[in-house]
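Data first, discussion second: the structure below is written as structure tokens.
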Amino acid sequence: MSAELLASRPPESESTLVLTLSNPGARNALHPDMYAAGIVALETAERDTSIRAVVLTGADDFFCAGGNLHRLLENRAKDASVQAQSIDLLAQWIVALRTCTKPVIAAVEGAAAGAGFSLALACDLIVAAEDAKFVMSYARVGLTPDGGGSWFLAQALPRQLATEMLLEAKPIAAERLHALGVVNRLVKPGKARDTALAWADELGRGSPNAFARIKTLVAAAREQPLADHLSDERDHFIASLQHSDALEGIHAFLEKRAPRYR
């Protein structure tokens, strides 16, 4: 069977789009076909107002082993443009995950290695099994990160710790990443997908307009001077106040009922 990205709408959470990395026998190793499918799936999610959240997970209780070393060896014998095109396509998928206006949750069982780790970091939130492992494994085989792995770690962690993880290329327990604030929730093995779906369903009842604007503000915050960010907050607040979601949310709060966002 070939590597593919499966898209589904589970009956227990129909407002959630579930994207499943599937590459049987290869621990869901990545392939450019997955990247292309991921980009299309997220474009669909943006247009479909019935989709309120996205969950990214792996098949067979394993998240993703990263790049396929056999394919990399084959590409080494080809023109460098072949590998460049593959990495650029992965980058497009990473950007699509980061710019998605809806909450994106990674559900990690087993391990997330190499670009698989990068994919998890590209998501807004991470749910991981207690026994899950994460590893930026590139340096172990003489390679350097792709998929934004070095950028995400440098953003999330002190420089020294990010450098240690990238240079040593050793597995890191989900528990340690949870303590560092990289993983949001730890769960019993086998429960990551169900927990992520329940969380996605909960978030799916929130304001789509507010969530999209909050994601925009958070993405910009690290690069902006405070004065610029305060101006952006003002503009987003005023636009949100004028949006129908705020009218519903305020009325629901005052009437002591759950809001019904469309």
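Please indicate, with yes or no, whether at least one residue in segment 2-20 is part of a helix (DSSP H, G or I), outside the structural domain of I214 (by TED's automatic domain parsing), closer than 24 Å to F152 by Cβ and of a type outside the set (D, E, K, R).
The answer is no, given that none of the residues of segment 2-20 is part of a helix (DSSP H, G or I), outside the structural domain of I214 (by TED's automatic domain parsing), closer than 24 Å to F152 by Cβ and of a type outside the set (D, E, K, R).
Would it be correct to say that S231 is more than 19 Å from T49 (Cα to Cα) and hydroxyl-bearing (S, T, Y)?
Working: more than 19 Å from T49 (Cα to Cα): yes; hydroxyl-bearing (S, T, Y): yes.
Yes.
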**Asked** over 17 Å from L21 (Cα atoms) and without any contact (Cβ under 8 Å) to a residue 40 or more places away in the chain - does that describe any residue in segment 110-127?
**Response** no
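Collect the residues in segment 48-68 that are hydroxyl-bearing (S, T, Y) and surrounded by 12 or more Cβ atoms within 10 Å (Cβ to Cβ), keeping them in residue-number order.
Within segment 48-68, the subset hydroxyl-bearing (S, T, Y) is 49-50, 57.
T57 - this is the single residue of segment 48-68 that is hydroxyl-bearing (S, T, Y) and surrounded by 12 or more Cβ atoms within 10 Å (Cβ to Cβ).
Tell me the helices (runs of 4 or more DSSP H) entirely within segment 69-150 that contain at least 1 residues that are in contact with a helix residue (DSSP H, G or I) (Cβ under 8 Å, 6 or more places away or on another chain) and surrounded by fewer than 19 Cβ atoms within 10 Å (Cβ to Cβ).
Qualifying helices (runs of 4 or more DSSP H): 69-76, 80-99.
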**Complete:** Over segment 209-262, the set of residues of a type in the set (G, A, S), surrounded by 10 or more Cβ atoms within 10 Å (Cβ to Cβ) and more than 22 Å from L125 (Cβ to Cβ) is S231, A239, S244, A246, A252
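Residues that are of a type in the set (S, T, N, Q) and in a helix (DSSP H, G or I): does segment 30-49 have at least one? Steps first, please.
Within segment 30-49, the subset of a type in the set (S, T, N, Q) is 44, 49.
Imposing the further condition that a residue be in a helix (DSSP H, G or I) reduces the set to 44.
So far as segment 30-49 goes, yes, one or more of its residues are of a type in the set (S, T, N, Q) and in a helix (DSSP H, G or I).
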**Request:** Hey, can you tell me all the residues within segment 163-183 that are within 16 Å of the chain's Cα centre (by Cα), outside any helix (DSSP H, G or I) and buried (at least 18 other Cβ atoms within 10 Å of the Cβ)?
**Result:** V182, V183
**Prompt:** Within segment 196-236, which residues are out of contact with any helix residue (DSSP H, G or I) (no Cβ under 9 Å at 6 or more places or on another chain), within 21 Å of A246 (Cβ to Cβ) and of a type in the set (A, V, I, L, M)?
**Reply:** A212, V218, L230
**Residue identified as over 19 Å from D201 (Cβ atoms), under 17 Å from the mean Cα position of the chain (by Cα) and at pLDDT 95 or above among A29, A53, A45, A7** = A29
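Per-residue answers, yes or no, for (1) over 18 Å from K102 (Cβ atoms); (2) of a type outside the set (V, I, T); (3) touching a residue at least 12 places away in the same chain (Cβ under 8 Å); (4) outside any helix (DSSP H, G or I):
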| position | (1), (2), (3), (4) |
| --- | --- |
| Q224 | yes, yes, no, yes |
| A227 | yes, yes, no, no |
| D232 | yes, yes, yes, no |
| I238 | yes, no, no, no |
| A252 | yes, yes, no, no |
| R262 | no, yes, yes, yes |
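The values are calculated or read from the model by the stated rules, or taken from the named source; none is laboratory data. What you are looking at is a predicted structure, and each value in this text was computed from that prediction instead of being measured. Cβ: placed from backbone, ideal geometry, glycine included. Neighbour counts: every protein chain shown.
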